[in-house]
Amino acid sequence: MVYRQEVDGLRALAVLPVILFHAGFQTFSGGFVGVDVFFVISGYLITSIILAEKQAGTFTLINFYERRARRILPALFVVMVACLPFAWLWLPQDMKELFAKPGCCFRLCFKRVFWQTSGYFETAAELKPLLHTWSLAVEEQYYLLFPIFLMLTWHLGTRWILAMLAVAAVVSLAAAQWGSAVEPAATFYLLPTRGWELLIGAFAWRSTFQTATRGNQVKQ
C-alpha cells in the first residue's frame, strides 16, 4: 500500500476537536465527531491493506492479525502502565474495575461494559481513564470479522460483496438512528451501530475493490 500523507493529515485534524472537547472547550461540544472520522479512516485503510494483499496473493489472517497487534498493543500497554500509579494514588477502590474494563472491552462479543456504567459524556466518565479504549474494541472486532467476511465471499465477485456490505451499512445506520433515541449509550459504544462508519471507509476503495476482485474472477 502506498503511503498517503493526506490520510495522516486528516487524522491530525480529526483528533484536535476530540482533545479540545475533553479539555472543556464548549465550542467543541461536538468534538466526538472526530471519532467518527477516525472510524471512516480505519475502514478505508484496513480495506486497502487487505485488498492490496489479496490482489498480490500474499494475504493471510495470521500476518494481518500480527501486524494489527504490533501496531495497537504496545501503545495500549504503555497507556495502561502510565495510568497505574495515578490510579493507585487517587482511585484505590477502582483499581480492579479500572484494569478489568479494557480486558472486557477487547472480547469478541458485544459486552455491556462501559456503556452499562456511564455514558461517555457524563461526569462519572472522568474517573475512568481507560474509557477511550472502547474505540479500540470496536476496531478490533472489525479487524477480526471483516477479513474473514472477505475470505468467505471473495469468490462471489464485486457485485455480491458490495451488495452485502451495502445492506450491512444501511442496517447499521438505521440501528444507529433508532438507538440514538432509545439507547444512546449503547449506540455510541457498540460495533453494530458503528459499523456503517467503518464501511463508508471501505466503500471509498470501491474502484480498487472492483479491480482486485475482477482479477480474482479472471484467475478462476
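Would you check if Ile19 is at pLDDT 90 or above and out of contact with any helix residue (DSSP H, G or I) (no Cβ under 7 Å at 6 or more places or on another chain)?
So Ile19 does not fit the description; no.
Mind checking whether some residue in the range 173-186 is closer than 29 Å to Leu73 by Cβ, at pLDDT below 90 and not in a helix (DSSP H, G or I)?
No - not one qualifying residue is present in the range 173-186.
Here are the criteria: (1) at pLDDT 75 or above; (2) surrounded by 12 or more Cβ atoms within 10 Å (Cβ to Cβ). Tell me which single one Phe77 does not satisfy.
Evaluating Phe77 over (1) at pLDDT 75 or above; (2) surrounded by 12 or more Cβ atoms within 10 Å (Cβ to Cβ) leaves (2) as the failure.
Starting from the range 43-68, keep only residues that are of a type in the set (A, V, I, L, M, F, W, C), then list their pairs with residues that are surrounded by 18 or more Cβ atoms within 10 Å (Cβ to Cβ) and not in a helix (DSSP H, G or I) whose Cβ atoms are within a distance under 9 Å, requiring at least 6 positions of separation or different chains.
Ile49/Phe59; Ile50/Phe59; Leu51/Phe59; Leu51/Trp205; Ala52/Phe59
The values are calculated or read from the model by the stated rules, or taken from the named source; none is laboratory data. Just so it is clear, the structure is predicted and the values come from calculations on it, not from any experiment. Cβ coordinates were reconstructed from backbone atoms using ideal geometry, including for glycine residues, and neighbour counts include every protein chain displayed.
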